[in-house]
1. So what is log10(I(q)/I(0)) for the range 151-216 at q = 0.18, 0.25 1/Å, when the Debye sum runs over its Cα atoms only?
2. Hey, what angle do you get for helix 73-82 against the long axis of the chain, alpha-carbon based, 0 to 90 degrees rounded to 10?
3. Fewest to most neighbouring Cβ within 10 Å: what's the order for 128, 15?
4. Using the beta-carbon distance between residue 73 and residue 184 and R0 = 25 Å, what value does 1/(1 + (r/R0)^6) give for FRET efficiency, to the nearest 0.05?
5. For residue 192 and residue 85 in the same chain, what is the full-extension length gain: residue separation times 0.36 nm, less their Cα-Cα distance, in nm?
6. Take every Cα-Cα distance within the range 76-143, group them into 10 Å bins from 0 onward, and report for each bin the whole-number percent of pairs it holds.
7. Go ahead and estimate [θ] at 222 nm for the chain from helices alone: -39,500 (n - 2.57) per DSSP H run with n ≥ 4, summed, over the residue count, rounded to 500.
8. With axes computed from alpha carbons, what is the tilt in degrees of helix 121-134 against the longest principal axis of the chain, rounded to the nearest 10 within 0 to 90?
């Protein structure tokens, strides 16, 4: 997908048909956020385009100020459109996370369905390390990405994922392209690699809380 094409404005209508449990992922994340809600006054959302995180999280964090960052202008415009009715204070920032100059400290952060698009292990480490240093002590981070598995397991999971998409009326052409070209499109990590990065950056209590085919989500705490 070209994230700078105006057609991405339909992203939030399409993504739930491509990812099994997309709404559940955000619902579970929201409930985990609600446990920490009294202490969350400032939350960073990396990859906020489309607005789903803002819509979901605001219901559990009515007094929270959000910084919603995305590198896609059309996606960020869609997020603004979907959140006009919210009472929360929201700063929308058009920027790449790697280049953004952070001037605030946050009590929570989310990075859902973003890390797969960051090239290279060192870049991923730098990406997560920057998140760590923008968080206050005891802040919570939610991170979600498509994971790498053994080759035969990958084939099985991708085949089932393709079948799911087709049942959701995603075109066979699109679903097949996803199945066959994932290795050219997504930069995957194994689970132990991601956990190692998180812990080496200083995060603790890394816990998996959602999985759908190869997509896995984790919650962790800054020391």
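1. So the normalised log intensities work out to -0.77, -1.11.
2. Here the helix axis deviates by roughly 70 degrees.
3. Ordered from fewest to most neighbouring Cβ atoms within 10 Å, 128, 15 come out as 15, 128.
4. Rounded to the nearest 0.05, the efficiency is 0.50.
5. Length gained, residue 192 through residue 85: 34.5 nm.
6. All Cα pairs considered, the percentages come to 16, 46, 33, 5.
7. -13500 deg cm²/dmol
8. The two axes meet at around 30 degrees.
A short reminder: the numbers here are calculations on the coordinates, not readings from a lab. None of the values given here were measured: they were computed from a predicted structure. Here the Cβ is made from the backbone with ideal geometry for all residues, glycine too, and neighbour counts use every protein chain on show.
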